[in-house]
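We did not get these values from a lab; they are worked out from the coordinates using the rules stated. The shown structure was predicted, so the numbers you read here are calculated from the model rather than taken from an experiment. Backbone-built Cβ (ideal geometry, glycine too); neighbour counts: all protein chains shown.
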Ligand code: CA
């Protein structure tokens, strides 16, 4: 039997949690419900889920703090996380993606909407967490060569079949973007994940590397913009690249 993706559901309102557990299980997921942040951390440590849904208003810790704690656990930064939020100031914070969460849903929401969002995020994340879906090439028909092909063992990335000559940091940045097409990475996140964060790098370090990366991508596809800039926020891989660079 195929393994169902585990979804960690952290929500203190049992009414909402019951409904979500029901729709998630009927949709082929294995929800694990926790009503407190403490319990969620314990569950996460036992086995990181395929995705975590975090309510912002929890009794023992707010969802943002929980997000940071989970991210710091082994494997934590590989797990997509989705916030449930009821207040518009919270939404602003998530939308700004200061936190690097994958998405948010504003309460009240329809359970179907949440399940659809979960599916989209899991599809978008490059990890083959949904057993039925093969690790799909980025935005290409199944028959075409992938737009980006990541070879982690060789530290190499191919773009429309051409191997790019990348510096260590250019590789690090592009690797993150390619692994999660469409996902917005803030400069802080890129600094932390690619440069390690604890040095004297600045936002402009990221911008400078994006610039040289773009120049290298242009040599393969002069008319395309594979890396999107989200002003004031960060960068994302364009999900709408054509199958050929023409
Ligand atoms: Ca709550």
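Descending by average beta-carbon neighbour count within 10 Å, the peptides 70-76, 115-121 line up as 115-121, 70-76, the highest first. What spacing in nm lies between the two simple spin-label points modelled at residue 230 and residue 165, each 7 Å away from Cα in the Cβ direction? About 3.4 nm separates the two model spin labels. For the range 1-81, the square roots a ≥ b ≥ c of the C-alpha gyration tensor eigenvalues yield an a/c of 1.5 or more together with a/b not exceeding b/c, which makes the shape oblate.
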